[in-house]
1. Taking the solvent-accessible surface of protein heavy atoms with a 1.4 Å probe, what is the per residue accessible area of region 307-363 in Å²?
2. Tally up the carbon and sulfur contribution to the accessible surface of region 108-147 as a whole percent, 1.4 Å probe, everything protein left in place.
3. Ignoring any ligand, DNA or RNA, what whole percent of the accessible area of region 285-348 comes from carbon and sulfur when the probe is 1.4 angstrom?
4. Can you work out the base-10 log of I(q)/I(0) for region 275-409 at q = 0.13, 0.15 1/Å, using the Debye formula on its C-alpha atoms alone?
5. With +1 on the Cβ of every Lys and Arg and -1 on the Cβ of every Asp and Glu, and nothing else charged, how large is the dipole of region 245-295 about its Cα centre, in debye rounded to the nearest 20?
6. Ranked from highest to lowest mean number of other Cβ atoms within 10 Å per residue, what is the order of the peptides 312-324, 209-221, 397-409?
7. Given +1 on the Cβ of Lys and Arg, -1 on the Cβ of Asp and Glu, and no further charges, what dipole in debye does region 241-389 carry about its Cα centre, rounded to the nearest 20?
8. So, for region 174-294, what is the accessible surface per residue at a probe of 1.4 Å, expressed in square angstrom?
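The values are calculated or read from the model by the stated rules, or taken from the named source; none is laboratory data. The shown structure was predicted, so the numbers you read here are calculated from the model rather than taken from an experiment. Here the Cβ positions follow ideal geometry from the backbone for every residue, glycine too, while neighbour counts run over all protein chains shown. Protein only, heavy atoms only, side chains kept; ligands, DNA and RNA dropped before computing areas. Shrake-Rupley method; radii C 1.70, N 1.55, O 1.52, S 1.80 Å.
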Amino acid sequence: MGIFWRRKKDDFISLGLSGADEARVEEPAQLTVEPSPVVAEPVVAEPVVIEPETVKPVEITSEQWADEAAKLFEPAKPSIQSSQPAAAKPALEAAVEEPVVEENFFSRFRKAVSATRENIATRIEDAVKGKKQIDEATLEELEEALIGADIGVQTTMEIIEDVRRQVNRQSLKDVDELKRVIKRHLLDILEKAEHARGVAAETAVGEDVRPYVMMVVGVNGTGKTTTIGKLAQRIKTDGYDVLICAADTFRAAASDQLAIWAERAGVPLIQQKQGTDPAAVLFDSLKSAKARNADVLIVDTAGRLHNKANLMAELEKMKRVAGREVQSAPHETLLVVDAVTGQNGLSQAREFMKAADVTGLVLTKLDGTAKGGIAVAIAKELNLPIRYCGIGEKADDLVVFDPKTYVDGLFE
């Protein structure tokens with residue numbers, strides 16, 4: 001799974017190279033120090049043979065002195081032998097450990113999208129089972145399967161047309177080739193959305209800008225508060241100082257829920273009484289974050305219904321306050337979308353795009369729906385990167401969204 005969040009280049013390099021190159025750099029330094037006793041061994045041994053008189057005062061024979069002298073140099077030989085495997089061991093362990101981590105991450109992601117996989121892949125296999133070629137009836141069943149997974153009508157029609165062209169050219173003959181065509185379309189959509197607009201990675205902001213301000217928006221019930229708590233815990237685990245701003249003063253329970261998550265993660269929480277101007281809470285939080293020299297400030301916002309007219313004005317005011325206190329803040333505005341809501345989640349995303357300058361998406365509860373194709377529909381229509389997704393209840397079940405892992409999980 002790798003690093004969850006990073007901004008410091010030195011941290012990324014030291015962790016990303018998995019230790020293999022570091023072992024190769026350290027190894028010559030060890031060899032230059034240890035061989036010195038070995039080279040000196042015959043030189044020191046010569047006086048013992050040529051000048052045996054030195055042993056007479058202590059009444060030790062030359063043979064005994066030679067044996068004792070040889071023992072002094074015995075540790076030098078095994079030290080060289082042991083230094084080589086000691087340097088190579090971290091590289092070997094890193095090489096073995098990395099595939100295990102990647103395998104575990106893929107298996108967890110595959111399990112999270114299992115319901116969607118059954119909804120798509122199983123129906124595709126049923127549609128072509130026992131048929132020698134793909135016909136119009138098969139394409140209709142394929143269309144129903146894709147739309148049923150909330151991939152979206154437009155995306156579905158594009159896939160069907162591409163499949164139809166290849167069938168006419170007789171270049172598409174079996175279910176494996178059909179799955180490859182679908183996977184290629186879905187992966188292209190998700191990868192293009194990552195580079196279209198928005199913020200695809202926190203490394204886009206310079207390391208000298210501090211704190212890194214993340215605003216989180218979304219409708220109540222989508223998992224916004226839980227996402228903030230998990231984000232704080234995961235980022236802190238990666239070695240950064242995190243602060244949470246409870247700027248959702250509209251809902252009484254919001255601050256209480258954040259307080260629980262902040263205590264659990266060991267992260268400071270800045271909050272005020274209910275009804276306080278959210279921009280004022282944000283101002284205090286920014287001042288506190290700068291005083292503490294915090295790396296990251298995560299800002300909770302009002303989760304009222306997305307059709308409220310004053311939401312846009314409130315968010316705009318908060319953005320102005322953040323921009324005055326920290327250069328180019330907020331650096332990210334994440335919209336939390338519940339995957340279970342399907343196309344309704346896409347409607348929410350459209351409305352929030354009007355009210356806030358959303359830079360990325362967080363897709364929650366991906367493990368609890370058979371319509372996980374909504375990730376493709378949102379990426380296709382909004383051209384925004386999906387930054388994170390929830391694949392379980394635990395803190396480490398909030399993971400960085402990886403398009404290839406997601407698409408592979410739908411079919412493998």
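1. Result: 41 Å² of accessible area for each residue.
2. 44 percent
3. The C+S portion of the solvent-accessible surface of region 285-348 is 49 percent.
4. Ignoring solvent entirely, the Cα scatterers give -0.63, -0.81.
5. So the magnitude is around 100 debye.
6. Details: 312-324: 17.0, 209-221: 22.5, 397-409: 19.5.
Per-residue mean Cβ counts within 10 Å order the peptides as 209-221, 397-409, 312-324.
7. With Lys and Arg at +1 and Asp and Glu at -1, about 240 debye.
8. Ligands and nucleic acids excluded, the result is 44 Å² per residue.
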